[in-house]
Structures are given as C-alpha cells and as structure tokens.
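Peer 1: I have a structure I would like to understand better, so I am pasting it below and will then ask my questions one at a time.
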There are 2 protein chains.
Amino acid sequence: MHRIKVRVVEDALDANNTIARANREDFDRAGVTVINLMSAPGAGKTALLERALDDLGDVRVAVLEGDVEGSLDAERLASLHVPVVQLNTSAGFGGECHLDANMVRSALSALPLADIDLLIIENVGNLVCPAEFRVGEDVRAMVCSVAEGEDKPLKYPLMFRACELAVVNKIDLIEHTDVDLDRLLANLQTVHPGIEHLICSARTGEGVDALRDWLIDKVAAARAGDGTFTPAGSAPA
Amino acid sequence: MHRIKVRVVEDALDANNTIARANREDFDRAGVTVINLMSAPGAGKTALLERALDDLGDVRVAVLEGDVEGSLDAERLASLHVPVVQLNTSAGFGGECHLDANMVRSALSALPLADIDLLIIENVGNLVCPAEFRVGEDVRAMVCSVAEGEDKPLKYPLMFRACELAVVNKIDLIEHTDVDLDRLLANLQTVHPGIEHLICSARTGEGVDALRDWLIDKVAAARAGDGTFTPAGSAPA
C-alpha cells in the first residue's frame, strides 16, 4: 500500500490570530502597550518617530522595525538611544510585504519587554496587506503623506478602516501640490467615520507634539486597564 | 472506506508563469506591446499616463487599470478617450496587493487587443509584490516619487531590479524636501546597475515628452521583432 500524504491547509488568518493572541498575552504580562504603525513606502513613519520618540517623558519605548531588506530605518532610530530590533522579511520569495504575528513573535526574545512601556512596530511600507494581519498590538495607526494624493482612503479602504489614527504627514508640501486637505479628510471620514487624525510634518515638526501626546495617552489608557485588543474577525476576548 | 481528499499545493509562481506565457502569446498574436507599470501608492502613475497618452502619434493605446477597490483612476483615463478596463482585486480577503497573470487573463476578453498597439497595465500601488508576478508584459517600468525619499531602491530592491525603467516623478517637489536627487539615482544604480531612468513631473509636464518617446520606442522595437519576454526565473523562450 502506498502511503498517502495529506496536507492540511490551515486558514492562514486563523493561525495568525492565534499567534497574535499569544503575543498579546506576552505584552500584557510585561505591561507593554503596542502600536502597529503602517503606511505606504516613504510616507514618513521613521522620520515621525525620530521626532516623536525623543521626549516621551517617563514612557520607556522600543521599536520593532520591519523592512523587506536592510536596516536603514533601524540605524536612524538607534541613534535616539532607543532599543531597536530589525526584522527583515526578505526570507520569503522576493520579500514578504507585511509583518505577521509569527514574524513579530520571532523577535520577542530580542525585545527588552520587561524594561519598556511602549513598543512601536514599524510595519513594512505597504497600504494593503499589513492591515490584514494583527500582530498582537493594542492599537493600529497609519501615516499618509499628502504627496500621495487625496484619493488614497478611497483606493485602499481596508488600511484606513483598520486604524484608529491616521497621521496626515508632510503637510509642509501641500502648498506645492494640487491636493485639497479638506477633500483628503472628507475621504478619510467616508471610509472610516469618526477616525481620529493628526496633521503633521516630520520635517518642520508641526503636529509632532500632538503625536507624542497621543502615544503617551495610549500608554496611560493601557495602564488604566482600557486595553481593547480584538483580533480581526473576532469578538473581544 | 473513507474517501481521502488530497490537495495538491501548486507552486504559485510556476502557475503564474504558465498563465503569463499564455497572455504573452495572445498579446503577440494581436501585435500588442505590453508595459507593466508599477509604483508605491500615490507615486503618480495615473497622472503621468494622463499626460503621456494624450499624443502617442499613430500608436493606439489601451489601459488595464488595477486597483484594490474603485475605479477612480480608470475614470480619469477614460476621459482621454482611451479604452480602459478596470480590474479590482478586492475579491481576495481585504484585497489582493498585486495583479497576477490570471487576473490579467480574466480581463483579456474585455480588451480591444485587435485594435491597439500598446497596452499599459497599471498595477496596484505597492513596491513589493507586483514585482514578483509576471503578467505577460514585454517590459516592466516603475514610478517613484521624490517625496518617498532617496532610500527606496535600497529598501525595496526587487521592484527596482525587476524594472527596465524607473521614472522619478514629482521632481517639482524636490526643492521643498531634503531629498538629494544624486543620491536617489546612485541608490538606483547600486540596486540595478545600468537601469534606464527618466526625471518627470506629471504636474508641470517636465520629462513627459521623454516618457512618451520611451513608450513609442518600445512599440517600435516590438514591431521590429525585439521582443524579449522572459518570465521571472526562466530562460528566454
């Protein structure tokens, strides 16, 4: 008799959510608030973090830096004397276009969870897939650059719906473009009614204080026990 | 006896290349040159096409517009009286982040292949996965906006390596940023030595003539029999 190999094709998202919950439990045990920060390539996530993380008061922060290849952003952030762990996704064919819960889990042992209050996971630059994978975060936030145009919420709705905060970055460039900020914000509200937003420029520093306050508030809320982690597609635990 | 279901997990890329070859044969039979145009979200693919496609001489063009959701770009291009077919990828969970050969194949019957010389496939805005999937094109080209920063070739090398042409767009914005064009171009050459590039602004029209000439040259080269389609990972057919 021939041996028959049966492959069980798991639901990738269910497996991801299982691991995301395990990450979440580890973060909770360590008392770490986790932000999953997403954007298109070049929207300015790292530049905003360079500005915002330099003075978080008594909040101790670390960054998990996701990139297809290289460690350029991690090196930029390490210069702030913040613990940074680089996660490269290029092991997949051509490079995975997002972080998933298992990738984040593989980095947990390299993170000083016991010594931090806030972990920022800077996801791979991509407006599609990162929004589909919970990684155990408390909150999802995204950055969109005004240079990307006012139609992005309509074209990449899942990302804008998945996040609690949209940071509209590079506002200093808007006067040099044909982009209408009111229309951009209206598109944002169409896709995700009630979503919070901040207007920033990592270059000029405009709005960075508000972003810093938002981060500090999230840590304070988590300390007060307002954690509301809900894996995509599941009821709150 | 229980019936045993055996699932054969195909190599997704091999299947993709098989279908890409079938697309290629259909394009060859119709004498259509095909450009796969890629970029990050908001780099300006559609705006460049609006400018460049308005006067291609005797070259008859159509556009296959790939988006996760909506038909905003297709509507913009249809106003040029160019045949446009919209392909939405939102059927996948959350939306597929790229076009593959099978998606393009599903649109072939809607395209007037017999009446055109040039088909431009405007891919989903994403600097990672679209580069991994051949769709039967002759040439791959990409657009990067200077607003995305000078480090993008180093961070998303596969995309820059996969393309024969890099269009550096939004050059009108560069004086309002800290981006160094020489460094951007040096990074491009580091990742893909010898890659052709154009400096453009869809807003001011700078460089659009050169892009138009490049498109016309590609059609002329294909007519002269210089087709060089090579599915990723395979020897030339």
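Peer 1: Just one of (1) more than 17 Å from the chain's Cα centre (by Cα); (2) within 7 Å of another protein chain (Cβ to nearest Cβ); (3) not polar (S, T, N, Q) trips up B:Glu150, so point out which.
Peer 2: Evaluating B:Glu150 over (1) more than 17 Å from the chain's Cα centre (by Cα); (2) within 7 Å of another protein chain (Cβ to nearest Cβ); (3) not polar (S, T, N, Q) leaves (2) as the failure.
Peer 1: Examine region A:69-82 for a residue that is farther than 22 Å from A:Arg212 by Cβ, free of Cβ contacts under 8 Å to residues at least 24 places away in the same chain and in contact with a strand residue (DSSP E or B) (Cβ under 6 Å, 6 or more places away or on another chain), and state whether such a residue exists.
Peer 2: Yes, region A:69-82 has at least one match.
Peer 1: Select from region A:114-147 the residues that are in a helix (DSSP H, G or I) and within 10 Å of chain B (Cβ to nearest Cβ) and list them in ascending order.
Peer 2: Matches in region A:114-147: A:Cys129, A:Pro130, A:Ala131, A:Glu132, A:Val146, A:Ala147.
Peer 1: Another question about this same structure. Condition check: at pLDDT below 95, within 14 Å of another protein chain (Cβ to nearest Cβ) and over 16 Å from B:Asp117 (Cβ atoms). Does B:Leu13 satisfy that?
Peer 2: The answer is yes for B:Leu13.
Peer 1: OK, next. Can you name the condition, by its number, that B:Leu111 falls short on among (1) touching a helix residue (DSSP H, G or I) at 6+ places or on another chain (Cβ under 6 Å); (2) more than 12 Å from chain A (Cβ to nearest Cβ)?
Peer 2: It is condition (1) that B:Leu111 fails.
Peer 1: Please pick out the residue among A:Gly95, A:Gly57, A:Gly70 that is modelled with pLDDT under 95 and more than 12 Å from every other protein chain (Cβ to nearest Cβ). Outline the logic, then answer.
Peer 2: Numbers: A:Gly95 fails: more than 12 Å from every other protein chain (Cβ to nearest Cβ); A:Gly70 fails: more than 12 Å from every other protein chain (Cβ to nearest Cβ).
Matching residue, one of A:Gly95, A:Gly57, A:Gly70: A:Gly57.
Peer 1: Scan the helices (runs of 4 or more DSSP H) fully inside region B:157-230 and keep the ones with 3 or more residues being surrounded by fewer than 17 Cβ atoms within 10 Å (Cβ to Cβ).
Peer 2: Of the helices (runs of 4 or more DSSP H) lying wholly inside region B:157-230, those with at least 3 residues that are surrounded by fewer than 17 Cβ atoms within 10 Å (Cβ to Cβ) span B:181-191, B:208-223.
Peer 1: Looking at the structure I just gave you, is A:Glu122 free of Cβ contacts under 8 Å to residues at least 12 places away in the same chain and either within 26 Å of B:Thr89 (Cα to Cα) or not hydrophobic (A, V, I, L, M, F, W, C) (or both)?
Peer 2: Criteria not met by A:Glu122.
Peer 1: Still on this structure, I have one more. Which of the residues that make up region A:176-190 are within 12 Å of chain B (Cβ to nearest Cβ) and under 22 Å from A:Trp214 (Cα atoms)?
Peer 2: Within region A:176-190, just A:Leu184 meets the criteria.
The values are calculated or read from the model by the stated rules, or taken from the named source; none is laboratory data. As the structure is a computational prediction, the values presented were derived from the model and not from experiment. Cβ atoms come from the backbone with ideal geometry, glycine included; neighbour counts cover every protein chain shown.
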